[in-house]
Amino acid sequence: MQVSNLISPYHHHVHNPHHRISSTLFLLRSMVTATTSGSSIAATSTGGGAFTTIAERVSLERDIKKSKFIAIAGHISDERSAQSFLSEVQDPRATHNCWAYKVGNQYRSNDDGEPSGTAGKPIYSAIENSGLDRVMVVVIRHFGGIKLGTGGLVRAYGGVAVECLKNVPTRLVKSQVPMGVEVTFDLLGVVYHQLQSFKAVDIKQDYDTGKDGITMVTFKISFDQAEALEEALKTNCSRDLVFYKH
């Protein structure tokens with residue numbers, strides 16, 4: 001969902017103020033799980049609005065009983081970027097290209113022809129246990145002629161994934177949360193000044209609130225700045241304001 005679409009669908013249809021506010025609040029909450037590239041995956045944040053992910057793509061190669069295992073890990077943002085990542089790193093000449101990824105509370109894995117549960121799940125477990133988010137790991141196997149058995153495959157795929165993720169460079173990403181505030185027209189200048197000071201983005205204004213002289217201003221702010229901005233607005237506007245946030 002694009003922020004610019006937050007209000008406009010209701011401009012010519014909603015006149016009940018209570019319905020108007022509840023609709024806006026619902027959309028504000030929905031924005032928290034919206035992704036950037038139209039993906040069907042809800043890229044929800046962990047850690048209260050921040051997550052740690054891989055800073056750059058890394059790879060690791062190990063020989064296990066004559067089979068060559070190559071693990072490649074990288075940052076992804078949604079399902080679409082996961083598909084792009086896989087298409088970039090997979091080796092069509094390999095025996096198997098097994099993978100898993102995690103985006104917020106969503107995840108997928110694939111055994112790519114290995115016995116069920118012996119490749120994709122161990123790779124996902126490695127991602128989950130690493131504490132990283134928005135991460136994909138592809139493990140490529142070139143079969144060397146010796147069968148590893150179910151337990152051996154789990155240890156091989158899971159082991160190379162764990163080792164690959166063990167010392168990866170990471171970065172902390174602070175998520176932006178959607179907020180809205182009802183203000184009178186005379187306070188708009190003060191509100192916009194504070195929003196700019198706190199580096200709020202996607203600032204939009206809607207006059208169709210169903211309340212005379214009241215406009216709804218919506219925006220996104222870094223999660224760790226939301227409370228401070230709220231207090232600053234109340235102080236500088238010298239009155240209680242009605243805020244809407246997830």
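The values are calculated or read from the model by the stated rules, or taken from the named source; none is laboratory data. Computed from a predicted model, the values in this text were never measured in an experiment. Cβ sites come from the backbone with ideal geometry, for glycine too, and all protein chains shown count toward neighbours. Please note that ligands, DNA and RNA were not included when accessible areas were found on the heavy atoms of the full protein model with its side chains. Shrake-Rupley method; radii C 1.70, N 1.55, O 1.52, S 1.80 Å.
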Evaluate the stretch 71-80: report whether one residue or more is in contact with a Phe, Trp or Tyr (Cβ under 8 Å, 6 or more places away or on another chain), crowded, with 18+ Cβ neighbours inside 10 Å and within 30 Å of Val177 (Cα to Cα).
yes
Could you grab me the full set of residues in the stretch 112-131 that are under 22 Å from Val173 (Cβ atoms) and either of a type in the set (Gly, Ala, Ser) or open to solvent by 10 Å² or more (accessible area, probe 1.4 Å) (or both)?
Tyr124, Ala126, Glu128, Asn129, Ser130, Gly131
For Tyr101, are the conditions met, namely being crowded, with 23+ Cβ neighbours inside 10 Å, aromatic (Phe, Trp, Tyr) and under 28 Å from Thr52 (Cβ atoms)?
yes
Do we find a residue being in contact with a Lys or Arg (Cβ under 9 Å, 6 or more places away or on another chain), open to solvent by less than 10 Å² (accessible area, probe 1.4 Å) and small (Gly, Ala, Ser) anywhere in the stretch 160-173?
no
Of the residues in the stretch 55-71, those that are of a type in the set (Gly, Ala, Ser), in a strand (DSSP E or B) and under 18 Å from Glu88 (Cα atoms) come to Ser59, Ala71
Looking at the stretch 45-70, which of the residues that are within 30 Å of Gly149 (Cα to Cα) and among the small types (Gly, Ala, Ser) is least open to solvent (accessible area, probe 1.4 Å)?
Ser67
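Checking the conditions here, which among Arg108, Arg141 is outside any loop (DSSP other than H, G, I, E, B), open to solvent by 30 Å² or more (accessible area, probe 1.4 Å) and in contact (Cβ under 8 Å) with a residue 24 or more places away in the chain?
One residue alone meets the criteria, Arg108.
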Please state which of the following conditions Gly213 fails to meet, knowing it meets all the rest: (1) surrounded by fewer than 17 Cβ atoms within 10 Å (Cβ to Cβ); (2) more than 12 Å from Val183 (Cα to Cα); (3) not polar (S, T, N, Q).
(2)
